[in-house]
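Participant: Before we start, here is the structure in question, set down as C-alpha cells.
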C-alpha cells in the first residue's frame, strides 16, 4: 500500500496547487485481486496548462507523467515527460510545436526513449506539413529518426501501456525517411471515387512503397454496394486488399478479400472474413466470422473487436484473439440521469469443445451516477469459469 499512500500524499498537495483533476480507480477481483489508479491533477500558469498523471498498480507506482500545453499566437506548444518512479527511471519525453499560416499547418515533433524500455535508447524528430489545393489535400512527413504516427509504451510485468504521438528510432541517423500523401483526388468521369496516394522513401532502401487507396466507392445503388480498395507496391511484392460492403437497411454485409502477387505471379483471391452489422433503435448488432485464420483475426474489446490482419496488428501494437474466429456482439446505449449508459455484450467462438464452440463471453457496463462520477464493470466468462471481474470508479472535479 506504499504506492497508494504516496499517491494520496501527491493528491493532497496537488489539490492545493491544481484546481481541476480526475481519479479513475479500478478493482480487479479475478483472476487475482489487483487495484489500479490513475490520478490526474491540472492547473494553469500564465499561458500554460500543466497536468500531472500518476499511474499506480497495486503496490507499484508504475508511471508518473508531467505535461504542459500553451498557445503563443499562431504557435502552440506541447511537452510531456514520463518517469518510472518504482525503478527511478526516465522513460520518455516529447515536444510538439505547431503553427498555421497561409493555409498550411507545420508541426515539429521530437522525442527520446530511454533504454529502460524495449526499443530504447532512441531519439529523433519529424517535420509534418499539411494543406490543400482546392479539394486535394496533401501531407509531407520528413523523418529525422522519428515518425509522428504513434508509439505505445508497455510496462511488461503488469501489462499497462501509454500512448504518445512521436515514435523515436535509433539515434544519430539524420534524415531517415520521407512520406508524401495526396487525398481527395477526383478523376474526370461520372461517379468516380476520390483516390488517395502515398509514397514513402527511406534512407536505407530508397524506395519504400507506393500505395493507392479508394474508400467507400459506390458501385451499385439498390442494394447499396460500396468498395474500398488499396493497392500497395513494394520493392519485391505487390498487394491488393479489397473490402466491399453491401448495405440493405437496416443491415450491412462486409466481406474481406485478400489478393496478392509475388514474383510476378498472380495469386489467389482469398475470402478472408465477413461481417454483418444491423442497426437497432438503441444499439448495434454485429456478427463477425474469420475464414482465413492464419492471417486474419478479431481484435480484443480494448481495440474495438474489429477485423484485423495479423501482421498489420503486430506492427501497430493491436492485440487480437488468435484462438477465436467468430463473434456475436450487441452494443446498447440509452439516456441516464446525467449522461448516457453503455453496455457491450460479446460472445466469442473458437475450437473449444464447449457448446457450439463457445470460447468466451465479455460483458461491460458503464453508468454515470452524476456529472462528475461514473461507475463501470467488466466480466469475462470462459467454459472453466469466471476469468476476469473488474469494477471501476471515475471521479472528476
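The values are calculated or read from the model by the stated rules, or taken from the named source; none is laboratory data. Given the structure is predicted, the values throughout are model-derived calculations rather than measurements. Cβ sites come from the backbone with ideal geometry, for glycine too, and all protein chains shown count toward neighbours.
Participant: How about the stretch 38-72: which of its residues are at pLDDT 85 or above and more than 21 Å from residue 164 (Cβ to Cβ)?
Facilitator: 72
Participant: Another question about this same structure. Please verify whether the stretch 310-322 includes one or more residues that are assigned to a strand (DSSP E or B), within 29 Å of residue 150 (Cα to Cα), under 24 Å from the mean Cα position of the chain (by Cα) and at pLDDT below 85.
Facilitator: No, every residue in the stretch 310-322 fails to be assigned to a strand (DSSP E or B), within 29 Å of residue 150 (Cα to Cα), under 24 Å from the mean Cα position of the chain (by Cα) and at pLDDT below 85.
Participant: Looking only at residues in the stretch 155-168 that are within 17 Å of residue 53 (Cβ to Cβ) and surrounded by 12 or more Cβ atoms within 10 Å (Cβ to Cβ), which one is modelled with the lowest pLDDT?
Facilitator: Ranking the candidates gives 158 first.
Participant: Say we look at the stretch 80-94 and pick out the residues that are at pLDDT 90 or above and surrounded by fewer than 17 Cβ atoms within 10 Å (Cβ to Cβ); which of these is farthest from the chain's Cα centre (by Cα)?
Facilitator: 90
Participant: Hey, can you tell me all the residues within the stretch 380-394 that are surrounded by 14 or more Cβ atoms within 10 Å (Cβ to Cβ) and farther than 22 Å from residue 339 by Cβ?
Facilitator: 380, 381, 382, 387, 388, 389
Participant: While we're on this one: Can you pull out every residue in the stretch 259-294 that is at pLDDT below 85 and either within 28 Å of residue 151 (Cβ to Cβ) or not in a strand (DSSP E or B) (or both)?
Facilitator: Of everything in the stretch 259-294, those that are at pLDDT below 85 and either within 28 Å of residue 151 (Cβ to Cβ) or not in a strand (DSSP E or B) (or both) turn out to be 263, 264.
Participant: Test each condition in (1) under 30 Å from residue 37 (Cβ atoms); (2) touching a residue at least 12 places away in the same chain (Cβ under 8 Å); (3) within 21 Å of the chain's Cα centre (by Cα) for residue 304 and report the one that comes out false.
Facilitator: Result: residue 304 passes all but (2).
Participant: List the strands (runs of 3 or more DSSP E) inside the stretch 327-397, counting only whole elements, that have at least 3 residues being over 22 Å from the mean Cα position of the chain (by Cα) and under 22 Å from residue 40 (Cβ atoms).
Facilitator: Counting at least 3 such residues, we get 373-382, 385-396.
Residue by residue, here is whether (1) in a strand (DSSP E or B); (2) free of Cβ contacts under 8 Å to residues at least 12 places away in the same chain; (3) crowded, with 18+ Cβ neighbours inside 10 Å holds:
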position: 78; (1), (2), (3): yes, no, no
position: 115; (1), (2), (3): no, yes, no
position: 138; (1), (2), (3): yes, no, no
position: 145; (1), (2), (3): yes, no, yes
position: 152; (1), (2), (3): yes, no, no
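Participant: List every residue pair whose Cβ atoms lie under 6 Å apart, where the two residues are 6 or more positions apart in sequence or sit on different chains, the first residue falls within the stretch 316-340 and is more than 18 Å from residue 304 (Cβ to Cβ), and the second residue, located anywhere, is part of a loop (DSSP other than H, G, I, E, B).
Facilitator: That search, which allows pairs on different chains as well, returns 334/282; 338/370; 338/371.
Participant: Pairs needed: first member in the stretch 204-226, closer than 19 Å to residue 184 by Cβ; second member anywhere, at pLDDT below 65 and surrounded by 15 or more Cβ atoms within 10 Å (Cβ to Cβ); C-beta distance under 6 Å; at least 6 residues apart or different chains.
Facilitator: What qualifies is 226/245.
Participant: Give the residue, chosen from 206, 174, 191, that is closer than 30 Å to residue 286 by Cβ and either at pLDDT 65 or above or surrounded by fewer than 17 Cβ atoms within 10 Å (Cβ to Cβ) (or both).
Facilitator: When all the criteria are applied, what remains is 191.
Participant: For the stretch 212-227, does any single residue satisfy the condition of being modelled with pLDDT of 85 or more, crowded, with 16+ Cβ neighbours inside 10 Å and farther than 21 Å from residue 135 by Cα?
Facilitator: No: the stretch 212-227 contains no residue that is modelled with pLDDT of 85 or more, crowded, with 16+ Cβ neighbours inside 10 Å and farther than 21 Å from residue 135 by Cα.
Participant: Report, by residue number, each residue of the stretch 295-309 that is part of a loop (DSSP other than H, G, I, E, B) and in contact with a helix residue (DSSP H, G or I) (Cβ under 8 Å, 6 or more places away or on another chain).
Facilitator: Of everything in the stretch 295-309, just one residue is part of a loop (DSSP other than H, G, I, E, B) and in contact with a helix residue (DSSP H, G or I) (Cβ under 8 Å, 6 or more places away or on another chain), namely 295.
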